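For reference, the structure is listed below as structure tokens.
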Amino acid sequence: MFFTPAIRPGFCLSLIRSKLFWKIAGLYVLLSVPAIVGLVAALQTRLYADAVALHEQQLQAVLRESAKRLCDAEDAGSAGEEVLRIRAGLTGGRRVWLSDDRGFDPAGRLQSEFGDAVLASVLRTTAATGTAVRYVRPGWETGEVLATGQRFSMLGADWNLVMTSPSSSAVEASHQMSVLLLKSATAAWLIGALCMGIVAGTIVSPLQVMSRKLHADVRRDDRGDMLLNVSDRGDEVGDVASALYQLEDELQDRIVSLERAGREAGASVDLLTAVLESMIEGVIAIDREQKLVFVNPGARRLLSIGAAIQAGHRLYEAVRIPAFLETVEESLSAGRMRTLEYRASRESSHHLLTVIPILRGPHAGAVIVVRDVSEVRQLEAMRRDFVSGVSHELKTPLTVIQACTETLLSGALEDGEVARRFLGQIEEQAERLLQLILAMLQLARVESGSEILHVEELELGDLAGDVVDAFRAVAENRGVQLMQQGAATLAARADEQAVRTILSNLVDNAIKHTPAGGEVIVELRSSADGPTLVVRDTGSGIPEELLGRIFERFYRVEKDRSRERGGSGLGLAIVKHLCQALQASLTVRSRLGEGSEFTVRFPRV
């Protein structure tokens, strides 16, 4: 059906804002205005010509009628009087003159008012043709004057009757017709403009509806209703609207699918990014040209890649390790996974490099994974040292026991004194083995966290006094003075057995490394940071470069002399782990030849 745009608020404004409307309006003006102007001009010319012709006909008719009246004149005087009567009866500015071929005017006014040249011209034309029509401009008035001549016979002679009439009457008549014509043309142009606006509205309005459908932020159902309304037109615009409606459904389905796929892909990307960024391993993705595609924080930390290095930079700009770059190049060239373990710039840092090539697809290149295996290698070294230490610590007493047993079995058992001496050594080494095994078990429990601690408020002064009393005889046997100083009472929250073990190991270690005549002091301090327990000796001291290793298992500063003094080599390791379990800090200060000072600071009560 024919679509007529509804007159609604804002319709005219939207139509005026339409570029297509102004193109149609401009085309209408461009075609209609010249056509109407040309038509009006042609019609005005024709109307003016018709008005002048009618005026001439009317003037000639009056002239012929006047000539008939003059033909009946009896003499020149009566002819002049008749001319005066005719002249008096004329209206509209018309005038009449009578003249013979010599220019004689019975009425007596022709020559003075009309002029010889004009008269002669009219008379000559009248004499030659019988009539004459000429436009002249008299001097006494403005505008054109129509002069008409008529030749006739009167009183046996030929006379010329000349009549003049202003052309204003013809012009006025043609002007009135021109005004009417101009009004009619204007009305017709306005009606055409209105029709043009209606037609343009039928074209522009549905196109605006479709444009709003395509661009406006409205609900899909509303857009569909707009297109359905336009598609009912039954013309080409309706066909376009119907096709757009179908396209809308298809696009909407695709958009929904794409949005769902986009959300799923975005979630997957976010998850993958979060996983990669949270990994402690370094992950680097490169393309075929070894340009960086992705670098996670772990890789930046392990390889010291600055923030200025971003995607698009070359791999060699981010990593300056020749072996690293050679391994990547080899993996890309061979198309096989390659691994490399290398020592990083830090002496104690070991990295394991794995290069996995991506051979095909739009993301061809390689994935580089870097792991810090320093702790693994350190644990392996500690395991080797532990096995070596345990083997050595077990081997020494077992060797002594085996030797004593063989000696006894070889006949020494018959000698009571010798037998008692060898049995005493066997007992001593068995006790040493037992203490070593107990220390190893305790260290294993502390390291694994299976050691059950009962944290409670306890008095460090009493506990320190018990430990000092227990080791006083050992110290006296070695010629070492053992004493307690500082606060008499000092409260702390800790496990009593753990604190006793810590203090016993520190005191035992200090006595063993203090020569005769030296001192071992157990001091209790109360400070703002928490209750503090200090064990200080005047022994041989520890070299500064070895202070970081004294808490390792089976580590001895003076290996041979330490074994002679006894001990398992696990005491300080047990002290360190017990302090960590109690959330206490452990520090050591020592100078070679001046003694050592171990400080344990417990949390504030």
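The values are calculated or read from the model by the stated rules, or taken from the named source; none is laboratory data. In this text the structure is predicted, and so the values were computed from the model without any measurement. Virtual Cβ from ideal backbone geometry, glycine too; neighbours counted across all protein chains shown.
Give the residue, chosen from Leu181, Leu214, Leu228, Leu207, that is part of a helix (DSSP H, G or I), at pLDDT below 75 and surrounded by 15 or more Cβ atoms within 10 Å (Cβ to Cβ). Lay out the reasoning, then the answer.
On the way: Leu181 fails: at pLDDT below 75; Leu214 fails: surrounded by 15 or more Cβ atoms within 10 Å (Cβ to Cβ); Leu228 fails: surrounded by 15 or more Cβ atoms within 10 Å (Cβ to Cβ).
Step by step, each of Leu181, Leu214, Leu228, Leu207 is checked, and only Leu207 is part of a helix (DSSP H, G or I), at pLDDT below 75 and surrounded by 15 or more Cβ atoms within 10 Å (Cβ to Cβ).
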Open item on the list: So if I check each of Gly306, Gly298, Gly312, which one is on the phi > 0 side of the Ramachandran plot, at pLDDT 85 or above and either in the same structural domain as Gly365 (by TED's automatic domain parsing) or part of a strand (DSSP E or B) (or both)?
Closed with: Gly312
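Determine, yes or no, whether Ile542 is modelled with pLDDT under 85 and surrounded by 17 or more Cβ atoms within 10 Å (Cβ to Cβ). Please lay out each step first, then the result.
Details: modelled with pLDDT under 85: no; surrounded by 17 or more Cβ atoms within 10 Å (Cβ to Cβ): yes.
For Ile542, the condition - modelled with pLDDT under 85 and surrounded by 17 or more Cβ atoms within 10 Å (Cβ to Cβ) - is not met.
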Task: Count - residues of region 519-539 that are under 14 Å from Glu597 (Cα atoms) and either surrounded by fewer than 19 Cβ atoms within 10 Å (Cβ to Cβ) or modelled with pLDDT of 90 or more (or both) - done: 14
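Pick out the one residue from Leu352, Leu272, Leu315 that is within 30 Å of Gly548 (Cβ to Cβ) and either free of Cβ contacts under 8 Å to residues at least 40 places away in the same chain or surrounded by 12 or more Cβ atoms within 10 Å (Cβ to Cβ) (or both). Break it down into steps so the answer makes sense when it comes.
Numbers: Leu272 fails: within 30 Å of Gly548 (Cβ to Cβ); Leu315 fails: within 30 Å of Gly548 (Cβ to Cβ).
Within the list Leu352, Leu272, Leu315, the selection yields Leu352.
Please work out if Leu47 is at pLDDT 75 or above, out of contact with any strand residue (DSSP E or B) (no Cβ under 7 Å at 6 or more places or on another chain) and of a type in the set (A, V, I, L, M, F, W, C). I'd like the intermediate steps shown before the answer.
Values: at pLDDT 75 or above: yes; out of contact with any strand residue (DSSP E or B) (no Cβ under 7 Å at 6 or more places or on another chain): yes; of a type in the set (A, V, I, L, M, F, W, C): yes.
Taking the combined requirement at face value, the residue satisfies it.
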- [ ] Residue by residue through region 569-598, note down the ones that are modelled with pLDDT under 85, in contact with a Lys or Arg (Cβ under 8 Å, 6 or more places away or on another chain) and assigned to a loop (DSSP other than H, G, I, E, B).
- [x] Gly569, Leu570
